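First comes the structure, then the notes that go with it.
Every read-out reported here was derived from the displayed coordinates using simple, explicitly stated rules and does not represent laboratory data. Since the model is a prediction, treat every value here as computed from it, not as a measurement. Reconstructed Cβ throughout: ideal geometry from the backbone, glycine too, with neighbour counts over all protein chains shown.
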Amino acid sequence: MGSFWLAAMVYFLLIAAAFDVLRLLNYFVPFYPAWARQNYEATKQVLALSSAGLVILILVAGYVNALSPRVRYLSFHIPKKADGIRSLTVTVASDLHLGTIVGRKRIGRIVETINGLNADLVLLPGDVVDEDLGPVFRENLGDSLKSIRSEYGVFSITGNHEHIGGVEAACKYLAEHGIRVLRDRVVRVEGGVYLVGREDRSISQFEGNQRKPLDELLAGVDKSYPMILLDHQPFRLSEGASLGADVQLSGHTHHGQLWPFNHITQAVYEVSCGYLLKGQTHVYVSSGLGTWGPPVRIGNRPEIVHLTLGFEQ
């Protein structure tokens, strides 16, 4: 709850700053009504109560918003042939952050939505679990993950939060509950479509290791077939594009999660949230499903992405 009150304080200070700006403008160009000028102490109390009320309203709306993911539908044409299939449907759910905030009831609703999309393939591009693995184990949240239905399987990659909480334990738990974790690994699914799963870049910070260079990881890939690259943090998008990835899927940013922090993520990342055509590569950075810190989203929506890939005939 500490992070919730921190968010409340931030918004209270933002609103208080806005009122200070109005007061400064009124000093130079008076526009306050006469009753406000004549009852200044009472006016300050009204403004303080209004600020508190507005903060509460914003946070309640942000909390409800965080619990209400939308499904975003996308279609990409891949100018390559796949063996025996014309298209592939892929449901993408990044940044679940299973744990204290996203518990059994909420992951149950998310899985129900995923299953309702009847995807050929389900991908979880990192931060499946939050850094505190205790609640995941105690509530056995993996039981819900086991119930995800997909024709060709459920695959994930590591994110920074798997590394924060203990990547080996997190990956072992996911594997025991039906999730194939691709840690610098390449697999082929139906039609010869390649899934390329990169280890999260934070491995150097937490494990003291380096992830494989992407060109080395792709050394055995037949690039005449469609290729989907999963990389949790959307840095260096040109790398995947230059090496022939047809689709790159990322998350991590939460699109700032709380306005106005989206302006920071927009400055840090080439894409903070949404679609970019990078060369011939379709890049999509999802705002994700869960939250980090306060269970609130303001200025963006949580989402599940349902992607249809069409191939050459």
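Taking the chain as the reference, fit the longest principal axis to its C-alpha atoms, fit the long axis of helix 40-66 to the helix C-alpha atoms, and give the angle between the two in degrees, 0 to 90, nearest 10.
For helix 40-66, the angle is close to 10 degrees.
Mind listing which GluC sites (Glu not before Pro) in segment 220-309 are in a DSSP loop and have 15 or fewer other Cβ atoms within 10 Å?
Glu270
Just to confirm the filter: which trypsin sites (Lys or Arg not before Pro) across segment 205-254 are DSSP coil and have at most 13 other Cβ within 10 angstrom of their Cβ?
Answer in residue order: Lys223, Arg236.
Given contacts defined as C-alpha pairs under 8 Å and at least six residues apart, what's the relative contact order of the chain, whole-number percent?
25
Compute the angle between helix 104-116 and the longest alpha-carbon principal axis of the chain, please, reported from 0 to 90 degrees and rounded to the nearest 10.
50
Return the calculated 222 nm mean residue ellipticity for the chain, to the nearest 500 deg cm²/dmol, obtained by summing -39500 (n - 2.57) across DSSP H runs with n ≥ 4 and dividing by the residue count.
The per-residue figure over the chain is -11000 deg cm²/dmol.
Taking only Cα atoms, what is the 0 to 90° angle, nearest 10, from helix 167-176's long axis to the longest principal axis of the chain?
So the helix axis and the longest Cα principal axis differ by about 60 degrees.
Within 14 Å, Cβ to Cβ, of His254, how many net charges do the neighbouring residues add up to if Lys/Arg are +1 and Asp/Glu are -1?
After counting each charged neighbour, the total is -2.
On full extension of the chain, what length is gained from Asp143 through Val46, given 0.36 nm per residue of separation minus the C-alpha to C-alpha distance?
29.9 nm
Which stretch or stretches of segment 50-70 have amide N atoms under 16 Å from the point lying 7 Å from Asn39's Cα along the Cα→Cβ direction?
It comes to 50, nothing else.
Pairs on different chains or at least eight residues apart, Cα atoms closer than 19 Å: how many lysine pairs in the chain fit?
Value for the chain: 7.
Taking 0.36 nm per intervening residue step and subtracting the Cα-Cα distance, what contour gain separates Arg236 from Glu176 on full extension?
This chain segment gains 18.4 nm when fully extended.
Name the most mobile residue of Asp143, Asp200, Asp95, meaning the one with the largest mean-square fluctuation, in a Gaussian network model of the chain with Cα contacts below 10 Å.
In this elastic network of the chain, the residue with the biggest mean-square fluctuation among Asp143, Asp200, Asp95 is Asp143.
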